[in-house]
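Below: the structure, in structure tokens.
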Amino acid sequence: MIVKPIISAADAAGRIKEGNTIMIGGFLGCGAPHTIILALKEKGTKNLTLICNDTAIHNFKTGQVSGVGHLVKNKMFRKIIASHIGTNQETQRQMNAGETEVELVPQGTLAEQIRSGGAGLGGFLTPTGIGTEIATGKKIIMVEHNSFLLELPITADVALIKAKKADKAGNLVFNGTARNFNPVMAAAAALVIAEVEEIVEIGEIDPNEVQTPSIFIDFLVKAEQLE
Amino acid sequence: MEYIPNKEIIAKRIARIFKTGEVVNLGIGLPTMVEKYIAPDINIVLQSENGIMGLGPAPAKGSEDRDITDAGGSPASIRAGGCFFASSVSFSIIRGGHVDYTVLGVLEVDQDGNLANYKVPGKMVPGMGGAMDLTIGARVVIAATLHFLPSGASRLKRHCTLPLTAVHQVNIIVTD
């Protein structure tokens, strides 16, 4: 098996260029690649498009900021595609002020759009969103008397994902609900960087227990920041 | 007559709907309260859209696991026999009709079974999260809501005025 380079979080962040579209795994910060996120915050790369389930936390009252919330606070995004921004007041402020474009997508549709992007599909038909604002401008296709929305695949320049464990080939094992969007994002970007808590030798992970195959992964980063 | 909001009565009534073996997804807020009123002899399976079947109670302080959270991002646990899965699998379960009940919070709900609960344009825009998929996919959609806003306006409408989360999907409204 090909051994994947283990790089620093700063090196990983440096591979993201101005104007790139990036996917970041995690669900309200659980299962997010926090080490790379903080390195990217340091780099301050601008004009990015973010694809992420949510924008984690930014609470004006308590001052708490977590996960990709640091990047939102740093105004690094031109556009954010997410299913939920309710726990990040800064995302809502930037959206209402017209500073950042925010596209809200139903969570299941977002997961499937990313899956389609990585799976070579031209899109998929979903009943989700029929009759709502989500359907605006989208093609409706009838299948056996039922209406479905045609949703298109999405891909990214870079995906930053997080796993519990990797072998040096890049086979990944996740833990608990920290799996969430990480496996679908692993397949849907031109460059995929996995932040992992533990890196073991090839052969030390039972092939039956690999949850994301190594071929999707380009680089590994050792996690230093876990939340 | 003075209106005194009563979330407990709503949560208690919803808890009586479920039967052993049914798969239930509880939304954030008032719907989450339902769990503590489920009778001990009723054994339901809680699904959480962030990737758990068999969601357990919140762990005791000090024994939280940062990798096990509920759909609100709070520390959670998993029951014996439960499992974790990716978001894509979670929504295959949800859209695919494998969840019996979804209990969701409300901004407005109307007589045609329409539900609005994800945005007040220009003001509060939290986003729909998994709610659009849950209302489409769950066998029974339960809207859990206080009857009135603090302003005195009813949350139960003839016709919703806010952007809709679900069109003709609500089966049961439980209110105080």
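The values are calculated or read from the model by the stated rules, or taken from the named source; none is laboratory data. Note that this is a predicted model, so its numbers are computed, not measured. Cβ: placed from backbone, ideal geometry, glycine included. Neighbour counts: every protein chain shown.
Within the bounds of the stretch B:29-45, is there any residue that is within 14 Å of chain A (Cβ to nearest Cβ), under 24 Å from A:Asn182 (Cβ atoms) and not in a helix (DSSP H, G or I)? No, the stretch B:29-45 contains no residue that is within 14 Å of chain A (Cβ to nearest Cβ), under 24 Å from A:Asn182 (Cβ atoms) and not in a helix (DSSP H, G or I).
Run A:Glu90 past the list (1) more than 10 Å from chain B (Cβ to nearest Cβ); (2) in contact with a helix residue (DSSP H, G or I) (Cβ under 7 Å, 6 or more places away or on another chain); (3) over 18 Å from B:Ala166 (Cα atoms); (4) in a strand (DSSP E or B) and report the number of the one that doesn't hold. It fails just one condition, (4). Scanning the stretch B:1-47 for residues that are of a type in the set (A, V, I, L, M, F, W, C), touching a strand residue (DSSP E or B) at 6+ places or on another chain (Cβ under 7 Å) and modelled with pLDDT under 95 gives a single hit, B:Leu30. Taking strands (runs of 3 or more DSSP E) as the structural unit, those lying wholly within the stretch A:103-156 and holding at least 1 residues that are under 17 Å from A:Ser83 (Cα atoms) and within 8 Å of chain B (Cβ to nearest Cβ) correspond to A:124-126.
The residue list B:Gln111, B:Gln169 contains one member that is buried (at least 21 other Cβ atoms within 10 Å of the Cβ) and polar (S, T, N, Q), which is B:Gln169.
State yes or no: is A:Glu99 in a helix (DSSP H, G or I), surrounded by fewer than 24 Cβ atoms within 10 Å (Cβ to Cβ), at pLDDT 95 or above and away from chain B (no Cβ under 12 Å)? It is false that A:Glu99 is in a helix (DSSP H, G or I), surrounded by fewer than 24 Cβ atoms within 10 Å (Cβ to Cβ), at pLDDT 95 or above and away from chain B (no Cβ under 12 Å). Within the stretch A:124-132, is there a residue that is touching a residue at least 12 places away in the same chain (Cβ under 8 Å), aromatic (Phe, Trp, Tyr) and surrounded by fewer than 19 Cβ atoms within 10 Å (Cβ to Cβ)? The answer is yes; a qualifying residue exists.
Taken together, B:Arg95, B:Arg79 contain a single residue that is surrounded by fewer than 19 Cβ atoms within 10 Å (Cβ to Cβ) and within 17 Å of B:Asn25 (Cβ to Cβ), which is B:Arg79. Of the residues making up the stretch B:23-41, those that are over 15 Å from the mean Cα position of the chain (by Cα) and either within 26 Å of B:Phe91 (Cβ to Cβ) or among the basic types (Lys, Arg) (or both) number 0. Condition first: within 8 Å of another protein chain (Cβ to nearest Cβ) and surrounded by 23 or more Cβ atoms within 10 Å (Cβ to Cβ). Now tell me which residues in the stretch B:114-126 satisfy that. Of everything in the stretch B:114-126, just one residue is within 8 Å of another protein chain (Cβ to nearest Cβ) and surrounded by 23 or more Cβ atoms within 10 Å (Cβ to Cβ), namely B:Tyr118. Exactly one residue among A:Ile205, A:Ile161 is surrounded by 19 or more Cβ atoms within 10 Å (Cβ to Cβ), closer than 25 Å to A:Ala82 by Cα and not charged (D, E, K, R), and that residue is A:Ile161.
Take the residues in the stretch A:188-210 that are assigned to a loop (DSSP other than H, G, I, E, B) and touching a residue at least 40 places away in the same chain (Cβ under 8 Å), then tell me which one is farthest from A:Arg115 (Cα to Cα). So that I can check it myself, show each step before the final result.
Taking the stretch A:188-210 and keeping what is assigned to a loop (DSSP other than H, G, I, E, B), we get A:188, A:201-206, A:210.
Still in the running and touching a residue at least 40 places away in the same chain (Cβ under 8 Å): A:188, A:202, A:205.
Numbers: A:Ala188: 7, A:Ile202: 27, A:Ile205: 25 Å.
Among them, the one singled out is A:Ile202.
Being in contact (Cβ under 8 Å) with a residue 24 or more places away in the chain, farther than 29 Å from A:Gln94 by Cα, in a strand (DSSP E or B) and among the aliphatic types (A, V, I, L, M) is a property that holds for B:Ile173. Step by step: first the residues of the stretch B:134-164, then only those that are of a type outside the set (A, V, I, L, M, F, W, C) and in contact (Cβ under 8 Å) with a residue 60 or more places away in the chain, then the one that is surrounded by the most Cβ atoms within 10 Å (Cβ to Cβ). Which residue is that? Within the stretch B:134-164, the match that is surrounded by the most Cβ atoms within 10 Å (Cβ to Cβ) is B:Thr145.
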